[in-house]
Number of protein chains: 2
Amino acid sequence: MVRETGGLRADAARNRRLLLDAAEAELAEHGLDVSIARIAARAGIGKGTVFRHFATKDQLVAAIFTDQLDGLAATGAALLEAAEPGVALLEFMTAGVELQAGGQSVCQLAASISRTDPAVRAAVGRLADVAEALTARARAAGAVREDVTGHDIVLLLAAASQAAVPLGDVVPGLWRRYLGLIFDGLRPEAAHPLPVPAPTNAQLTAAAQPA
Amino acid sequence: MVRETGGLRADAARNRRLLLDAAEAELAEHGLDVSIARIAARAGIGKGTVFRHFATKDQLVAAIFTDQLDGLAATGAALLEAAEPGVALLEFMTAGVELQAGGQSVCQLAASISRTDPAVRAAVGRLADVAEALTARARAAGAVREDVTGHDIVLLLAAASQAAVPLGDVVPGLWRRYLGLIFDGLRPEAAHPLPVPAPTNAQLTAAAQPA
DNA sequence: ACCTGAACACCGTTCAAGT
DNA sequence: ACCTGAACACCGTTCAAGT
């Protein structure tokens, strides 16, 4: 949790919270292109203070992204107790796409930052664990095909939201259509052999190298 | 076709071609973040000359994107004569994702530019027409569910490539897995009613407003 | 007409000066 | 310890001077 105020002085802790709140709001409103100056102004702090808390703009964005991923993981963990595993999995995926549909940035994030930043990568791992648990239940219930993993689910969240991006402003809920289509592809009825196996944990770890 | 040299002076026509080739290569290698200076240097022309041919960096990128879309449309048109409509549609989608997998930028493009730039929007329209023709054949052959349109197909191309982005370097052909999963969702066997109808032409036209 | 590089505005990042 | 704004390097874009 980034909002923990470790052993910080009172003013530093306060500024950090102001910064994170301002950054989250500005990123959601204007996407990755917001200037640090704008975020600092909204937080009511100096530009330089931003770089005292986060060495780089990317790291600030990564911190916020990490928080959001962990929030989604918590949602997924709660859904493990739901009655119908297939419905629960779909609800989890819906929450995941909704998260991305709120902001602008989405895929630029997934592309460049989640590879590099260790905290984000750890958060993705926690998320994938929850997704795998949900998927295992759905598989056992016959709601989902055998060859789909939790990592597949996480990666498909970005896919569903991406499909709707070009029309996002005009048709607000369009991503639900593509999530529905993609989810139908996860059902056992239409399952055909896939040409490439699911990514392994080793491959996910290997992706840590910077671009 | 952007590489047409209209009524340009000889040196201008030559520079334009050098510029487009250099830009395409640099964009594929380094993504949307390449500097104009770098592109100009590769083309062997001055920075200012870039802006004589394209008013803005976005317009240069849009020109290249337009070309690539039209190339894909040509591939799709050729596939209209293929024997099996379902296989043809999948081949078309494969070519579409391959196009995006080659470069880096992908989704940033789809998000910000294709909305705004009229030439890109026109190219997307031509592409959607071909996709719709391919889809109609596949529908009639029973290879694809009734409620999927050509525009769905085009939007799903970005989805499939997006899913593989975080692991693109590590597992080169991973997008084939997600294209396969998504294509299984298009089959009639697993079709469930979708919560949102396909985007209409009116909505696609309305999306022309800048962000 | 078209080319060019110097000049401008803007943004991420650094750092000397403050408390 | 931490805050701040001026200063730096870099990039997209403009434009006066060249051919």
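Just to be sure before I move on: is A:L72 away from DNA strand C (no atom under 15 Å from the Cβ) and either of a type in the set (F, W, Y) or modelled with pLDDT of 95 or more (or both) in the structure I sent?
So A:L72 fails the test.
How many residues does the range A:50-100 contain that are open to solvent by 50 Å² or more (accessible area, probe 1.4 Å) and either within 15 Å of the chain's Cα centre (by Cα) or closer than 16 Å to A:L156 by Cβ (or both)?
Residues flagged as open to solvent by 50 Å² or more (accessible area, probe 1.4 Å) and either within 15 Å of the chain's Cα centre (by Cα) or closer than 16 Å to A:L156 by Cβ (or both) within the range A:50-100 amount to 7.
Give the range A:158-182 a look and list any residue that's at pLDDT 90 or above and more than 7 Å from chain B (Cβ to nearest Cβ), or say none.
Selection gives A:W175, A:L179.
Testing B:A143 on (1) within 15 Å of A:G180 (Cα to Cα); (2) more than 20 Å from the chain's Cα centre (by Cα); (3) open to solvent by less than 40 Å² (accessible area, probe 1.4 Å); (4) more than 7 Å from chain A (Cβ to nearest Cβ), one condition comes back false. Which one is that?
Going through (1) within 15 Å of A:G180 (Cα to Cα); (2) more than 20 Å from the chain's Cα centre (by Cα); (3) open to solvent by less than 40 Å² (accessible area, probe 1.4 Å); (4) more than 7 Å from chain A (Cβ to nearest Cβ) one by one, B:A143 breaks only (1).
If you scan the range B:40-49, which residues turn out to be in a helix (DSSP H, G or I) and open to solvent by 60 Å² or more (accessible area, probe 1.4 Å)?
Selection gives B:A41, B:R42, B:K47.
For B:P193, all conditions in the list (1) more than 7 Å from chain A (Cβ to nearest Cβ); (2) open to solvent by less than 10 Å² (accessible area, probe 1.4 Å); (3) free of Cβ contacts under 8 Å to residues at least 60 places away in the same chain hold save one; what is the number of the exception?
Every listed condition holds for B:P193 apart from (2).
Can you spot a residue in the range A:6-20 that is more than 8 Å from DNA strand C (Cβ to nearest atom), within 24 Å of A:R121 (Cβ to Cβ) and open to solvent by 50 Å² or more (accessible area, probe 1.4 Å)?
Let us first name the residues in the range A:6-20 that are more than 8 Å from DNA strand C (Cβ to nearest atom), namely A:6-20.
Those left that are additionally within 24 Å of A:R121 (Cβ to Cβ): A:6, A:16, A:19-20.
If we keep only those that are open to solvent by 50 Å² or more (accessible area, probe 1.4 Å) as well, we get A:6.
Checking the range A:6-20: at least one residue is more than 8 Å from DNA strand C (Cβ to nearest atom), within 24 Å of A:R121 (Cβ to Cβ) and open to solvent by 50 Å² or more (accessible area, probe 1.4 Å).
What are the residues in the range B:155-173 that are surrounded by fewer than 24 Cβ atoms within 10 Å (Cβ to Cβ) and in a helix (DSSP H, G or I), if any? Explain how you work it out, then say what you get.
Of the residues in the range B:155-173, the ones surrounded by fewer than 24 Cβ atoms within 10 Å (Cβ to Cβ) are B:167-173.
Once the filter is applied, which keeps residues that are surrounded by fewer than 24 Cβ atoms within 10 Å (Cβ to Cβ) and in a helix (DSSP H, G or I), the range B:155-173 yields only B:L167.
Take the range B:24-40 and flag every residue that is within 11 Å of DNA strand D (Cβ to nearest atom) and within 22 Å of B:A10 (Cα to Cα).
Passing the criteria: B:I39, B:A40.
How about the range A:81-102: which of its residues are in a loop (DSSP other than H, G, I, E, B) and either hydrophobic (A, V, I, L, M, F, W, C) or not assigned by TED's automatic domain parsing to the domain that holds A:A128 (or both)?
Selection gives A:A82, A:A83.
Taking the condition within 21 Å of the chain's Cα centre (by Cα), open to solvent by less than 20 Å² (accessible area, probe 1.4 Å), at pLDDT 90 or above and not assigned by TED's automatic domain parsing to the domain that holds B:R176, does B:V34 pass?
Here the answer is yes, as B:V34 does meet what is asked.
List the pairs whose first member sits in the range A:45-59 and is over 14 Å from A:S35 (Cβ atoms), whose second member is near DNA strand D (Cβ under 8 Å from one of its atoms) and of a type in the set (D, E, K, R), and whose Cβ atoms are under 6 Å apart, counting only residues at least 6 apart or on separate chains?
From residues that are over 14 Å from A:S35 (Cβ atoms), the pairs are A:H53/A:R16.
The values are calculated or read from the model by the stated rules, or taken from the named source; none is laboratory data. These numbers come from a predicted model, not from an experiment. Counting neighbours? That spans all protein chains shown, and the Cβs are built from the backbone with ideal geometry, glycine included. Surface areas here come from the heavy atoms of the whole protein model, side chains and all, with no ligands, DNA or RNA. Shrake-Rupley method; radii C 1.70, N 1.55, O 1.52, S 1.80 Å.
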